[in-house]
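Below you'll find the structure I mean.
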Protein chains: 2
Amino acid sequence: KVEKKELLYEGKAKRVYRTNDENIVWIEYKDSATAFNGEKKAEIAGKGRLNNEITSLLFSKLKENDIESHFLKKVSETEQLVKRVNIIPLEVIVRNFAAGSFSKRLGVEEGKKLNYPLVEFCLKNDDLGDPLVTDDQIDVLEIATKDDVSSLKDRAKEVNQVLTGFFQEIGVRLIDFKLEFGKDLEGNILLADEVSPDTCRLWDIETNEKLDKDVFRRDLGDLNNAYETILGRLGGPTHV
Amino acid sequence: KVEKKELLYEGKAKRVYRTNDENIVWIEYKDSATAFNGEKKAEIAGKGRLNNEITSLLFSKLKENDIESHFLKKVSETEQLVKRVNIIPLEVIVRNFAAGSFSKRLGVEEGKKLNYPLVEFCLKNDDLGDPLVTDDQIDVLEIATKDDVSSLKDRAKEVNQVLTGFFQEIGVRLIDFKLEFGKDLEGNILLADEVSPDTCRLWDIETNEKLDKDVFRRDLGDLNNAYETILGRLGGPTHV
Ligand SMILES: Nc1ncnc2c1ncn2[C@@H]1O[C@H](COP(=O)(O)OP(=O)(O)O)[C@@H](O)[C@H]1O
Ligand SMILES: Nc1ncnc2c1ncn2[C@@H]1O[C@H](COP(=O)(O)OP(=O)(O)O)[C@@H](O)[C@H]1O
Ligand SMILES: [Mg+2]
Ligand SMILES: [Mg+2]
């Protein structure tokens, strides 16, 4: 039986604990909401549960579609067990429609459909504000090898194709999302971290209502309501 | 004989005039210094001459090394004739050593030698502050084709190799620089714009003294002195 041991590190949204198995970590989803690289912060009771439930559901559904991840099992409403990996310090962003920093930086209207799904990388470094990095910058700074960058792109596009389908079925448009990948002890690249409304932009297909962290970023209403909508439509255990 | 006609457009550093030949434009170098996307400004008498002389010299020397550019001939201390092109809206940046925005954004110490010359692209758009763009962003937004991006990289690296040699001979380290390319009427990609201490970072090899626009950006002393040093070492007509 896997036992929860001491805290390894605490991020903005999750706490990571060691377990009695060196290949497994225990993840606890927090009720914290943060945006703009930690500039905007709030505690939202219930958010941890929602993200843990949604992430667990999505990783399970991905697995049914032959997309492996670090996810092992949910152990409580706010906790899950995952395979321990060394996170590759890149945020892997997939965009189907223009939004957020992409729209702002490049002057492209929010909601414009891109010609094809775009993969971007940001250096995962809070002190630097997670700056966008080009493939050549990643290579020259030895952040990741060219081979790893190329597999990350392929993997991210596969995840996008499957996730886009899931969300389509529940009347939600997958605008963009952020993934993190890690390497397990044998050096295999594995999808890690979370897939939740904190890390995806999700718009209702009919109304364009935002059902993701932009509700918090832009003060558009009740975050828990939006996340409950996603969890409910995915068939998860809602509290309504 | 080529005659100067009406002003076509005025940029931050140069004025571009039509001529009686539709394939040729008349460029006048201004005495304006601007930095931080136009936030910092000054008029520096004599700067236009220095950049016109230095650019003319460097484009001539590049040509002797089989690197074609838009440059045709110097017509006065502050003016030159160039082939008219449609500028590709990308700033092509080559970096041999970390400096400037690269150092700041990615947390790399200024002056650190890169493993190999890095080419970056920024979208040439003052309103957006010339944002960095990845190859995939350039492609999905149809800013340039993949083939054009690939030739721009090759061309920029060739220019870098030759320029690095010129500057080495005069005791100057070429840290980084920005190029612009355009397409002529037949669609051929041609090196255009300018190559000057406004668009290059140039450090004295012995003392690391900055001999470029950082003197203005960072208030390090007299800009004309620095530019005269470069012009003088290149064998140009100095005013000292
Ligand atoms: N399978 C895993 N093994 C080890 N660390 C992980 C795993 N999955 C995610 N992490 C890391 O857990 C940390 C905590 O997550 P989070 O609170 O989202 O952090 P952040 O503040 O960086 O967004 C992050 O550094 C994340 O990369
Ligand atoms: N051969 C050329 N044909 C047409 N336009 C050119 C050519 N070379 C440079 N230009 C353009 O001339 C304009 C004026 O130059 P500059 O003052 O440096 O402008 P900026 O403010 O954009 O830096 C720029 O838009 C530049 O791209
Ligand atoms: Mg996170
Ligand atoms: Mg210019």
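Bear in mind these aren't lab numbers, they're just calculated from the coordinates by the rules spelled out. The structure presented is a predicted model; accordingly, all values stated were derived computationally and were not measured. Don't worry about glycine lacking a Cβ; one is built from the backbone with ideal geometry, like all the others, and counts go over all protein chains shown.
Given Cα pairs under 8 Å that are at least 6 residues apart, what percent is the relative contact order of segment A:120-240? Kindly include the intermediate steps, with their values, before the conclusion.
Numbers: 131 pairs, mean separation 15.6, N = 121.
Relative contact order of segment A:120-240: 13 percent.
Taking amide H positions as placed in the peptide plane 1.01 Å from N, state which residues far from B:L90 in sequence (5 or more) or on other chains have amide H under 5 Å from it.
When sequence neighbours closer than 5 places are left aside, the close amide H contacts are B:K124, B:F181.
Next up: Using a Cα distance threshold of under 13 Å, what count of lysine pairs results for segment A:4-83 when pairs must be 8 or more residues apart or interchain?
Value for segment A:4-83: 12.
Answer with one residue from B:Y17, B:N115, A:V94: the one whose Cα lies farthest towards the positive end of the charge dipole of the protein assembly as shown, charges on Cβ with Lys, Arg +1 and Asp, Glu -1.
Farthest along the dipole direction, towards plus: B:Y17.
Across segment A:216-224, in residue order, what do the Karplus-derived ³J(HN,Hα) couplings come to in whole Hz, using 6.51 cos²θ - 1.76 cosθ + 1.60 with θ = phi - 60° and x for Gly and Pro?
For segment A:216-224, the Karplus curve yields 7, 3, 10, 6, 9, x, 8, 5, 4 Hz.
For the protein assembly as shown, take every pair of Cα atoms, bin their distances at 20 Å starting from 0, and report each bin as a whole percent.
21, 45, 26, 8, 0
Amide H of B:V75: which non-local residues (sequence gap of 5 or more, or other chain) have their own amide H closer than 5 Å, using H built in the peptide plane?
B:Q80, B:L81
Let me know the mean shielding of B:129-136 by other chains, meaning the per-residue number of their Cβ atoms within 10 Å of its Cβ. Please report the intermediate quantities before stating the final value.
Numbers: counts 1, 0, 6, 6, 4, 11, 3, 10.
For this peptide, the per-residue mean of nearby foreign Cβ atoms is 5.
Quick check: Cα centre of segment A:212-235 to Cα centre of segment A:24-49, how many Å?
When both Cα centres are located, 14 Å separates them.
Within segment B:107-133, find all residues whose amide N lies under 20 Å from a label point positioned 7 Å from the Cα of A:N125 along Cα-to-beta-carbon.
Of the residues in segment B:107-133, B:107-122, B:131-133 have backbone N under 20 Å from the label point off A:N125.
Could you give the nm distance between label points at A:N188 and A:E158, where each point is 7 Å from its Cα heading toward the beta carbon?
Distance between label points: 1.1 nm.
What does the average come to when, for each residue of peptide A:108-117, you count the partner chain Cβ atoms lying within 10 Å of its Cβ? Walk me through the numbers on the way to the answer.
Values: counts 3, 0, 0, 0, 1, 0, 3, 4, 3, 2.
Neighbouring Cβ atoms belonging to other protein chains average 2 per residue here.
I need the fraction of alpha carbon pairs in segment B:4-83 separated by more than 16 Å, rounded to a whole percent. It would help to have the intermediate numbers written out before the result.
Values: 1705 of 3160 pairs.
The answer is 54 percent, as a whole percent.
Using a Gaussian network for chain B with springs between C-alpha atoms less than 10 Å apart, which of these wobbles most: B:V16, B:V94, B:V133?
Ranking B:V16, B:V94, B:V133 by mean-square fluctuation puts B:V133 first.
Regarding segment A:86-223, what's the average projected area of the Cα-atom convex hull, expressed in nm²? Write out the running numbers ahead of the final one.
Working: hull surface 36.8 nm².
Value for segment A:86-223: 9.2 nm².
Calculate one ³J(HN,Hα) per residue across segment B:190-195 by plugging θ = phi - 60° into the Karplus curve 6.51 cos²θ - 1.76 cosθ + 1.60, and present them in order as whole Hz with x for glycine and proline.
Once θ is set to phi - 60°, the couplings for segment B:190-195 become 10, 5, 10, 6, 9, 10 Hz.
Between B:E77 and B:E110, how high is the FRET efficiency from 1/(1 + (r/R0)^6) when r is the Cβ-Cβ distance and R₀ = 35 Å? Nearest 0.05. Don't jump to the answer; show the numbers that get you there.
On the way: r = 34 Å, r/R0 = 0.96.
My answer for the efficiency is 0.55.
How high is the relative contact order of segment B:34-155, in percent, counting Cα pairs under 8 Å that sit 6 or more residues apart? The partial results should precede the final answer.
Working: 132 pairs, mean separation 19.3, N = 122.
This gives 16 percent for segment B:34-155.
Quick one: if you take sqrt(5λ) for each eigenvalue of the C-alpha gyration tensor of segment A:106-166, what semi-axes come out, biggest first, whole angstrom? List each step's numbers first, then the result.
On the way: eigenvalues 104, 59, 24 Å².
Taking √(5λ) for each Cα gyration eigenvalue gives 23, 17, 11 Å.
Now, a different point. What ranking of B:Y29, A:Y17 emerges when the number of other C-beta atoms within 10 Å of each C-beta is taken as an exposure proxy, fewest first? Spell out each step's value before the answer.
On the way: B:Y29 26, A:Y17 19.
Arranged by neighbour count, lowest to highest, B:Y29, A:Y17 become A:Y17, B:Y29.
Sticking with this one: If you average the sequence gap of Cα pairs under 8 Å that are 6 or more apart and divide by the length of chain B, what percent do you get for the contact order?
On the way: 455 pairs, mean separation 41.9, N = 240.
Worked out over chain B, it gives 17 percent.
Could you run the Karplus curve 6.51 cos²θ - 1.76 cosθ + 1.60 with θ = phi - 60° over segment A:125-131 and give me ³J(HN,Hα) per residue in whole Hz, x for Gly and Pro?
Residue by residue, segment A:125-131 yields 7, 4, 4, 8, x, 6, x Hz.
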